[in-house]
Every structure is written in C-alpha cells, then in structure tokens.
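What follows is a set of notes on a single structure, which appears directly below.
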Amino acid sequence: MASLMEELMNTLELEIVEYNKLLELAKKKTPVIVSGDMEQLRKVTDEEQSVADTIVGLDQKREQITKDIANVINRDVESLKLSVLIEILSKQPNEARRLADIRDRLKNVVDSVKMLNDNNKELVNHSLEMVEFDLNLIKSMRQAPETNNYGRTAINSGSVLGGTRGGFDAKQ
C-alpha cells in the first residue's frame with residue numbers, strides 16, 4: 001500500500017501544478033475580458049482547455065489509484081476521501097502530514113481558480129449585457145416613430161423624428 005500512497009501523493013502534486021497553471025491563465029484572462037480582445041481571449045481559452053485536459057487525465061489516474069487503495073484496505077471507494085486516508089496514515093506521521101499538506105494546497109488552489117472563474121464569468125455577463133444594450137439602442141434609433149407632418153396637400157409626408165429614414169440626405 002505504501003507504493004499506492006506514494007503514487008497518489010505524486011498524482012495530487014501534479015494536479016496542484018496543473019491547477020496553478022489554470023490559476024495563472026484565469027488571472028491572465030481577466031484583463032483580456034475587460035479589454036474585449038477576442039483574439040487573445042481565444043488563445044487563453046485554448047491554453048485553459050489544454051490544461052483542463054491534463055487535469056482530467058490526472059483526475060482519472062487519481063480515481064484509479066483510490067480504487068486500488070480501497071481494494072487493498074477493503075473499504076468502499078465512495079467513502080474513501082483524503083481525510084479518511086490521512087486518518088489511516090496516522091501511524092505514519094510523516095506521510096499523514098504530507099498528504100494533509102497536499103490536500104490543503106490542492107483545496108486552496110482549486111478555491112482560487114473557482115473564485116477567479118466566477119469573477120471572469122461576471123465580467124463576461126456584464127460585457128454581454130452592454131453589447132445587448134448597445135444593440136437595442138441602435139435598433140431603437142433606427143426605428144424612430146413617425147410624426148404626423150402634413151404637406152400643403154394634406155398628405156402625411158411620413159417624416160421620422162430625428163431626420164429622414166434611409167441614410168443619406170442629398171439636400172444637406
């Protein structure tokens with residue numbers, strides 16, 4: 001079981017490295033979202049996807065190792081959390097301390113990534129609201145109401161508030 005625990009800790013360490021990469025990309029993404037640089041946003045998002053793919057692979061490896069540990073100690077894999085493993089390792093204080101440290105660092109970096117991603121999500125939502133507002137404003141300006149302007153022959157000339165419809169007025 002010692003080799004399985006070592007493999008688990010090494011895999012979790014690799015996950016921490018990848019989540020730190022994800023954290024840096026999330027930090028890099030914030031000013032890109034604010035500036036509206038779509039090309040740079042695409043590049044950062046592509047990098048994030050690559051890191052996320054690596055994390056998924058590491059997570060699958062971690063799950064397999066956890067299943068193997070559960071089989072060795074005859075425990076249900078669903079109830080085998082890191083806190084339980086730390087308790088199991090209580091007779092080996094160095095390993096228990098290392099696993100607890102890894103768990104804490106992983107939790108901290110995941111929480112930081114989640115917080116930055118939530119912040120970036122809000123920024124994107126605000127940007128979308130502004131774009132929608134601008135589109136509605138432009139649309140409403142193009143659909144200005146008609147006024148009842150009658151010419152000498154008492155026929156509605158159909159002028160629009162704010163000028164003529166269409167675009168270019170050759171008389172000006």
Greater than 29 Å separation of Cα atoms is the criterion. Which listed pairs, LYS81/LYS114; LYS27/LYS91; LYS61/LYS107, meet it? LYS27/LYS91
In nm, spacing of pseudo-spin labels at GLU13 and ASP101 (7 Å Cα→C-beta vector): 1.0 nm
Taking the solvent-accessible surface of protein heavy atoms with a 1.4 Å probe, what is the per residue accessible area of region 1-106 in Å²? 59 Å²
Please list, by residue number, everything in region 1-24 whose backbone N is under 11 Å from a paramagnetic label point 7 Å out along Cα→Cβ of GLN92. 1-9
State to the nearest 20 debye the size of the charge dipole of region 1-137 about its Cα centre, where the only charges are +1 on K and R beta carbons and -1 on D and E beta carbons. 500 debye
Based solely on C-alpha atoms, express the radius of gyration and the Dmax of region 34-82 in angstrom. 18.0, 54
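Using a 1.4 angstrom probe on heavy atoms only, work out the carbon and sulfur share of the accessible area of region 1-142 in %. Don't skip to the answer; put the middle values down first.
Values: 5080 of 9310 Å².
C and S atoms contribute 54 percent here.
The values are calculated or read from the model by the stated rules, or taken from the named source; none is laboratory data. Since this is a predicted model, take the numbers as computed values, not measurements. Quick reminder, even Gly has a Cβ in these numbers, built from the backbone with ideal geometry, and neighbours come from all protein chains shown. For accessibility, only protein heavy atoms count, side chains too; no ligands or nucleic acids. Shrake-Rupley method; radii C 1.70, N 1.55, O 1.52, S 1.80 Å.
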